[in-house]
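The values are calculated or read from the model by the stated rules, or taken from the named source; none is laboratory data. Quantities reported herein were computed from a predicted structural model and do not represent experimental measurements. Neighbour counts run over all protein chains shown; Cβ positions are idealised from the backbone, glycine included.
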Amino acid sequence: KAGVTQTPRYLIKTRGQQVTLSCSPISGHRSVSWYQQTPGQGLQFLFEYFSETQRNKGNFPGRFSGRQFSNSRSEMNVSTLELGDSALYLCASSLDRQGALTKNTGELFFGEGSRLTVL
Amino acid sequence: SQQGEEDPQALSIQEGENATMNCSYKTSINNLQWYRQNSGRGLVHLILIRSNEREKHSGRLRVTLDTSKKSSSLLITASRAADTASYFCATAAYSGAGSYQLTFGKGTKLSVIP
């Protein structure tokens with residue numbers, strides 16, 4: 001079974017630009033969550049999508065947005081990039097909603113991440 | 001905001017020794033999970049312990065949970081150089097409207113010296 005796939009793995013942008021990151025979850029997984037990881041703040045929850053609907057959102061400005069398609073693939077977009085947006089963006093999938101123990105173990109399966117550098 | 005806080009932030013041990021990492025959290029949880037991250041890579045799930053469980057084992061891993069103290073510990077026995085990684089605890093807490101949210105701590109960086 002293929003794991004979670006994130007593209008691109010690395011990218012460099014300049015301030016003011018926008019970026020779109022893509023995540024393909026494990027086949028059959030319906031929940032996709034996004035996290036931002038920086039040395040200073042650690043892993044910060046961005047949002048969770050389940051059945052094409054945003055179910056949960058972290059404390060990030062509106063410049064951060066996402067969506068999920070009918071095949072569960074997800075994209076996140078960051079507009080008007082700032083230097084502080086430089087980070088490793090991690091996508092994680094699970095069978096059911098985050099933390100739910102109804103149908104699975106509740107664990108998240110992570111991709112390798114997209115490392116964004118903003119100059 | 002961080003729910004779980006790991007302690008220590010960094011730990012260096014010799015191969016063959018045991019490594020213990022602790023996690024404290026603030027609110028009631030549904031379950032607590034531990035993950036490992038090798039440098040710059042994605043996280044890998046290690047073990048999950050439910051709020052009504054006190055101890056769980058998986059291979060060389062032992063996790064305990066004390067909900068009265070809102071704390072958990074991860075013990076890795078007979079450590080190997082390959083265990084060198086960052087370890088994160090993640091708490092699943094109710095976030096309203098029938099949903100839970102997994103919140104990660106900042107992690108413990110473990111170095112196992114051969």
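In summary, A:Asn59 fulfils each of the numbered conditions (1) within 9 Å of another protein chain (Cβ to nearest Cβ); (2) surrounded by 15 or more Cβ atoms within 10 Å (Cβ to Cβ) with the single exception of condition (2).
Here is a yes/no grid of residues against (1) within 14 Å of A:Glu107 (Cβ to Cβ); (2) more than 15 Å from the chain's Cα centre (by Cα):
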| residue | (1), (2) |
| --- | --- |
| B:Ile29 | no, no |
| B:Leu48 | yes, no |
| B:Val63 | yes, no |
| B:Ala78 | no, yes |
| B:Ala82 | no, yes |
| B:Ser86 | no, no |
| B:Phe104 | yes, no |
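In summary, B:Arg62 fulfils each of the numbered conditions (1) surrounded by 15 or more Cβ atoms within 10 Å (Cβ to Cβ); (2) touching a residue at least 24 places away in the same chain (Cβ under 8 Å) with the single exception of condition (2). Against the list (1) hydrophobic (A, V, I, L, M, F, W, C); (2) in a strand (DSSP E or B); (3) closer than 15 Å to B:Gly4 by Cα, the condition B:Val44 fails is (3).
Within the stretch A:67-90, the set of residues being surrounded by fewer than 17 Cβ atoms within 10 Å (Cβ to Cβ) and in contact with an Asp or Glu (Cβ under 8 Å, 6 or more places away or on another chain) comprises A:Arg67, A:Phe69, A:Ser70.
Residue by residue, here is whether (1) at pLDDT below 95; (2) among the hydrophobic types (A, V, I, L, M, F, W, C); (3) assigned to a loop (DSSP other than H, G, I, E, B) holds:
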site	(1), (2), (3)
B:Lys56	no, no, no
B:Val63	no, yes, no
B:Ser79	no, no, yes
B:Thr103	yes, no, no
